[in-house]
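The values are calculated or read from the model by the stated rules, or taken from the named source; none is laboratory data. Because the structure is predicted, anything quoted here is derived from the model rather than measured. Virtual Cβ from ideal backbone geometry, glycine too; neighbours counted across all protein chains shown. Just the protein is used for accessible areas: all its heavy atoms, side chains included, with ligands, DNA and RNA removed. Shrake-Rupley method; radii C 1.70, N 1.55, O 1.52, S 1.80 Å.
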Amino acid sequence: MKDMTDNQMEFITWLITTATDKCKTLEEVKAMNEQIREHSKGTRKKQKKEDEE
């Protein structure tokens, strides 16, 4: 996998913090984090497959 640029990292940070700012409880934040983890697992699997090709 290629390194992220600073702009990409800033965008990801902004995206996550903007989403979690909308949560009203810690449980909502945890649920959102779980969704983010599930989506990132799919991304990592896709990247690994691409790297193997």
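Some points to look at:
- Cβ separations smaller than 9 Å between residues 6+ apart or across chains give no pair from the range 1-29 residues that are touching a residue at least 24 places away in the same chain (Cβ under 8 Å) to residues that are assigned to a loop (DSSP other than H, G, I, E, B).
- Any chance Lys41 is open to solvent by 100 Å² or more (accessible area, probe 1.4 Å), out of contact with any Cys (no Cβ under 9 Å at 6 or more places or on another chain), modelled with pLDDT under 90 and assigned to a helix (DSSP H, G or I): no
- Just one of the numbered conditions (1) exposed (fewer than 11 other Cβ atoms within 10 Å of the Cβ); (2) hydrophobic (A, V, I, L, M, F, W, C); (3) assigned to a loop (DSSP other than H, G, I, E, B); (4) at pLDDT 80 or above is not true of Cys23: (1).
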